[in-house]
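Contents: one structure, followed by commentary.
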């Protein structure tokens, strides 16, 4: 609990993000020592004068226990990067947010997730495409991630809910401000059937500067990002940039050559994004044709050190089981059993005679 309070404290200090926090922890030894750092340690960790002053001021004015009680009393859960409930995919990114604010429920099944993004002013075609794709993905057991914005985001969330599936909305505001206001009712439905997530403290209003970091979370929470309809300079393409940095698959729905709303998506396809005409295209590319089985196995069998060790030895290019075994400390039978379990979980894939690859490696590499 103490560490969670310190994560909360740092989240309320202006100027301290994941990188600066990690430098401060490395300099001081642990999270509590970082919170209690003196000015010399702050300087040694690379904090500038303004950020150091903000930390000193926060320590004087904040009662972390009272702040925690205030937040939880509003039905908000705090999930730190040390919490087993922290999203696995997001944790694997370069700079995962140290703390998430969550309304609703995060589940292990959310590791099978696809983000759907696009224009705030979609055409009838864009609405129909987003609705069909999100519905079919959710019906297949895939969690649909989006940003609760007007347009494609809202359509994707609604379709996932109508399919009886899970959906997660990532906000550029605090989770107590379901923005935009016109989607507040939709946000409440998402809380009941998924989760609303933000890295911003309660009370934070939506602001333009908050949306690029929010887009980084959208892509980080997903195995792949699908752009349904977007103009050449659409904000949805920022999410694509983050997806590529995070080694996520990028999908695009083709559109009319006469529609400016499709310039962005058609451009992505021209540069190498995977063209999507059905949910099946996405499920095949991400090795999620049997998502329900993968989720059942993952829920029944916990991750083990053996799985983690073997998974590190599987690469994007095929590796023979003997080569994996030579590089591990496990017996041949243990390697074989572990690979079989990882395959059932959808984490690795056998592509030839005893040859294995990572099942979720990005299949399109291009400059967006």
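Sorted by packing (mean other beta-carbon atoms within 10 Å per residue), highest first, where do 224-233, 245-254 land? Numbers along the way, then the final one.
On the way: 224-233: 25.1, 245-254: 22.0.
Final packing ranking: 224-233, 245-254.
Order 99-110, 203-214 from most to least packed using the mean count of other Cβ atoms within 10 Å. Could you put the intermediate results ahead of the total?
Values: 99-110: 21.1, 203-214: 14.5.
With the highest mean Cβ count within 10 Å placed first, the list reads 99-110, 203-214.
Using all C-alpha to C-alpha distances in segment 108-285, build P(r) with 5 Å bins and read off the rounded percent in each one.
1, 10, 20, 24, 22, 14, 6, 2, 0
Where does the chain land at 222 nm, in deg cm²/dmol rounded to the nearest 500, when only DSSP H runs of n ≥ 4 count, each adding -39500 (n - 2.57), divided by all residues? If you can, show how the numbers build up before the last one.
Working: 18 runs with 167 residues, N = 368.
Computed ellipticity for the chain at 222 nm equals -13000 deg cm²/dmol.
When averaged across all projection directions, what area in nm² does the alpha-carbon convex hull of segment 72-116 cover?
Details: hull surface 14.9 nm².
If I average the Cα hull's projected area over directions, I get 3.7 nm².
In whole Å, what are the Cα extents of segment 112-173 along the three principal axes, biggest one first?
Per principal axis, max minus min of the Cα coordinates gives 29, 28, 15 Å.
To one decimal place, what Kirkwood hydrodynamic radius in Å is obtained for segment 172-224 from all pairs of distinct Cα atoms? List each step's numbers first, then the result.
Working: mean 1/r = 0.0861 Å⁻¹.
11.6 Å is the Kirkwood radius here.
With r as the distance between the Cβ atoms of residue 36 and residue 326 and R0 = 56 Å, compute the FRET efficiency 1/(1 + (r/R0)^6) and round to 0.05.
Details: r = 47 Å, r/R0 = 0.84.
Plugging the Cβ-Cβ distance into 1/(1 + (r/R0)^6) gives 0.75.
Could you work out the pair-distance distribution P(r) of segment 42-101 from its alpha-carbon pairs, with 5 angstrom bin width and percents rounded to whole numbers?
Pairs per bin, as whole percents: 4, 15, 16, 15, 20, 20, 10, 1.
Compute the whole-percent fraction of alpha carbon pairs in the chain spaced more than 25 Å apart. Display every interim value, and only then the final one.
Values: 38516 of 67528 pairs.
Percent of Cα pairs beyond 25 Å in the chain: 57.
Pop out the Kirkwood hydrodynamic radius of segment 1-119 from its pairwise C-alpha distances, inverse of mean 1/r, in Å to one decimal. Walk me through the intermediate numbers first.
On the way: mean 1/r = 0.0644 Å⁻¹.
Taking every pair of different Cα atoms in segment 1-119, averaging 1/r and inverting gives 15.5 Å.
Which whole-number percentage describes the relative contact order of the chain, with Cα contacts under 8 Å and a sequence gap of 6 or more? Please report the intermediate quantities before stating the final value.
Numbers: 695 pairs, mean separation 45.9, N = 368.
Relative contact order, the chain: 12 percent.
What is the distance, in nm, between label points placed 7 Å from the Cα along the Cα-to-Cβ direction at residue 67 and at residue 334?
4.4
With a 10 Å radius around each residue's Cβ, average the other Cβ atoms per peptide and rank 77-83, 338-344, highest first.
Values: 77-83: 17.0, 338-344: 18.9.
Top to bottom by mean Cβ count within 10 Å: 338-344, 77-83.
Pull out a ≥ b ≥ c, the square roots of the eigenvalues of the alpha-carbon gyration tensor of segment 301-358, then state rounded if a/c is under 1.5, prolate if not and a/b is larger than b/c, and oblate in the remaining case. Show your work: numbers first, answer last.
On the way: a/c = 1.55, a/b = 1.13, b/c = 1.38.
Because a/c hits 1.5 or more and a/b fails to exceed b/c, segment 301-358 counts as oblate.
Can you give the FRET efficiency to the nearest 0.05 for residue 53 and residue 3, using r as the Cβ-Cβ distance and R₀ = 35 Å? Intermediate values should be presented prior to the final figure.
On the way: r = 24 Å, r/R0 = 0.69.
Plugging the Cβ-Cβ distance into 1/(1 + (r/R0)^6) gives 0.90.
Read the figures in this text as sums done on the coordinates, not as results from a lab. Bear in mind the structure is a predicted one, so any value in this text is a computation, not a measurement. In this analysis, Cβ positions are derived from the backbone assuming ideal geometry, glycine residues included, and neighbour counts consider all displayed protein chains.
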